[in-house]
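Enquirer: Here it is: the structure, laid out below.
The values are calculated or read from the model by the stated rules, or taken from the named source; none is laboratory data. Note that the structure is predicted; figures quoted are calculated from it, not measured. Cβ atoms come from the backbone with ideal geometry, glycine included; neighbour counts cover every protein chain shown.
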Amino acid sequence: MPFLAYFIGLLLLVIGGGWLGLRTKPRPFPNYPQPTTFLKTIPLSTDLPAPVARYFKAVFGDQIPVIDSAVITGTAVLRPFGVALLSRFRFVYCAGQGYRHYIESTLFGYPVFKVNEYYLDGVSHLELPFATVHNQPKTNMAANLGLWGESVWLPSIFLTDPRVRWEAIDDHTARLIVPFEDGEDSFTVGFDPQTGLMRTLDSMRYQSETDSEKIGWHNEVLGWKTFHGIKIPSPSTILWRNQKVPWSEWHIEDVAYNVDVGKYICARGL
């Protein structure tokens, strides 16, 4: 009996310690050191669908700053295995062209699970502790949708990239058409009737390379923060339609626009 009591006590201590560790929020990575610059603007187009025009008017006003690159820093809650992992991230973008993702999931605030992911020159590369996926066709397609879905954090690219176009659906919904290889892909975008701001972003996306069919991929905006005079979604969530709860929630802590990412986007880690 004393041994059993000791064993149960030790087990409860381990479980309790693990629970506390999973609930310890990590400190965000340091802010990116290069300053944001806006050297060029374009006027807001007059031929956009009505809800799209209202959205960009609310985000920018009448002048749209041209954004060529961005470094986004923040914290996240990820549920890759159904367990909430508190995480921190640094995402690097060449606007409309490619990205690099670096994520650390933590225990007691210390990294225990790291992800290095790239989508550059149309090729995706995903490094996980248990697997590596490189240049697979369905993953490339999913990564391209990820690039454009995350572009809500550098939203002027939806107006300045000539390959992107908007199509009207109704008073509060529009279709966003984005490039992919020699063709196109699309999102259905919902806008809030009161604020005019983006509320949802939906598409059909492969969840893994072995999927035979695409799955609904639902992005929802829960709030807004302003960086350098630009409103961007934060927090926001991503839900796969075959799951009951969002697999991720993203909180933006720092944004740097139009910085030199030429070497940084090809690096690994922070």
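Enquirer: Only residues that are under 17 Å from the mean Cα position of the chain (by Cα), assigned to a strand (DSSP E or B) and surrounded by 15 or more Cβ atoms within 10 Å (Cβ to Cβ): list them for the range 191-217, please.
Expert: Met198, Arg199, Thr200, Leu201, Asp202, Ser203, Met204, Arg205, Trp217
Enquirer: Say we look at the range 50-68 and pick out the residues that are charged (D, E, K, R) and assigned to a loop (DSSP other than H, G, I, E, B); which of these is surrounded by the most Cβ atoms within 10 Å (Cβ to Cβ)?
Expert: Among them, the one singled out is Asp68.
Enquirer: Name the residues in the range 96-121 that are closer than 24 Å to His134 by Cβ and small (Gly, Ala, Ser), would you?
Expert: Gly96, Gly98, Ser105
Enquirer: In the range 255-270, what residues are within 17 Å of Pro155 (Cβ to Cβ) and not in a loop (DSSP other than H, G, I, E, B)?
Expert: Residues satisfying the conditions are Val255, Ala256, Tyr257.
Enquirer: Is it the case that some residue within the range 220-236 is closer than 22 Å to His125 by Cα and surrounded by fewer than 17 Cβ atoms within 10 Å (Cβ to Cβ)?
Expert: Just the residues of the range 220-236 that are closer than 22 Å to His125 by Cα, to begin with: none.
The answer is no; no qualifying residue exists.
Enquirer: Something else now. Being over 18 Å from Phe89 (Cα atoms) and touching a helix residue (DSSP H, G or I) at 6+ places or on another chain (Cβ under 9 Å) is the filter here; which residues of the range 225-260 pass it?
Expert: Within the range 225-260, Gly229, Ile230, Lys231 meet the criteria.
Enquirer: Spot the failing condition for Ser186; the list is (1) at pLDDT 95 or above; (2) touching a Ser or Thr at 6+ places or on another chain (Cβ under 6 Å), and only one is missed.
Expert: All conditions are met except number (2).
Enquirer: Among the numbered criteria (1) surrounded by fewer than 21 Cβ atoms within 10 Å (Cβ to Cβ); (2) closer than 23 Å to Trp250 by Cβ; (3) touching a Leu at 6+ places or on another chain (Cβ under 8 Å), which one does His134 miss?
Expert: (2)
The rows are residues; the columns are (1) in contact (Cβ under 8 Å) with a residue 40 or more places away in the chain; (2) touching a strand residue (DSSP E or B) at 6+ places or on another chain (Cβ under 8 Å); (3) farther than 24 Å from Tyr55 by Cα; (4) aliphatic (A, V, I, L, M).
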| position | (1), (2), (3), (4) |
| --- | --- |
| Asn116 | yes, yes, yes, no |
| Gln136 | yes, yes, yes, no |
| Pro155 | yes, yes, no, no |
| Glu184 | no, yes, no, no |
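Enquirer: Regarding Val71, is this residue touching a Phe, Trp or Tyr at 6+ places or on another chain (Cβ under 7 Å) and either aliphatic (A, V, I, L, M) or not in a strand (DSSP E or B) (or both)?
Expert: Against the criterion (touching a Phe, Trp or Tyr at 6+ places or on another chain (Cβ under 7 Å) and either aliphatic (A, V, I, L, M) or not in a strand (DSSP E or B) (or both)), Val71 qualifies.
Enquirer: Is there a residue in the range 51-67 that is basic (Lys, Arg) and over 19 Å from Val164 (Cα atoms)? Steps first, answer last, please.
Expert: Here is the first cut: in the range 51-67, the ones basic (Lys, Arg) are 54, 57.
Narrowing further to those that are over 19 Å from Val164 (Cα atoms): none.
No, every residue in the range 51-67 fails to be basic (Lys, Arg) and over 19 Å from Val164 (Cα atoms).
Enquirer: Then there's this: Would you call Ser212 out of contact with any helix residue (DSSP H, G or I) (no Cβ under 8 Å at 6 or more places or on another chain) and at pLDDT below 95?
Expert: Considered against the rule, which asks whether it is out of contact with any helix residue (DSSP H, G or I) (no Cβ under 8 Å at 6 or more places or on another chain) and at pLDDT below 95, Ser212 comes out as yes.
Enquirer: Which one of these does Lys244 not meet: (1) without any contact (Cβ under 8 Å) to a residue 24 or more places away in the chain; (2) part of a strand (DSSP E or B)?
Expert: Only one criterion in (1) without any contact (Cβ under 8 Å) to a residue 24 or more places away in the chain; (2) part of a strand (DSSP E or B) is unmet by Lys244, namely (2).
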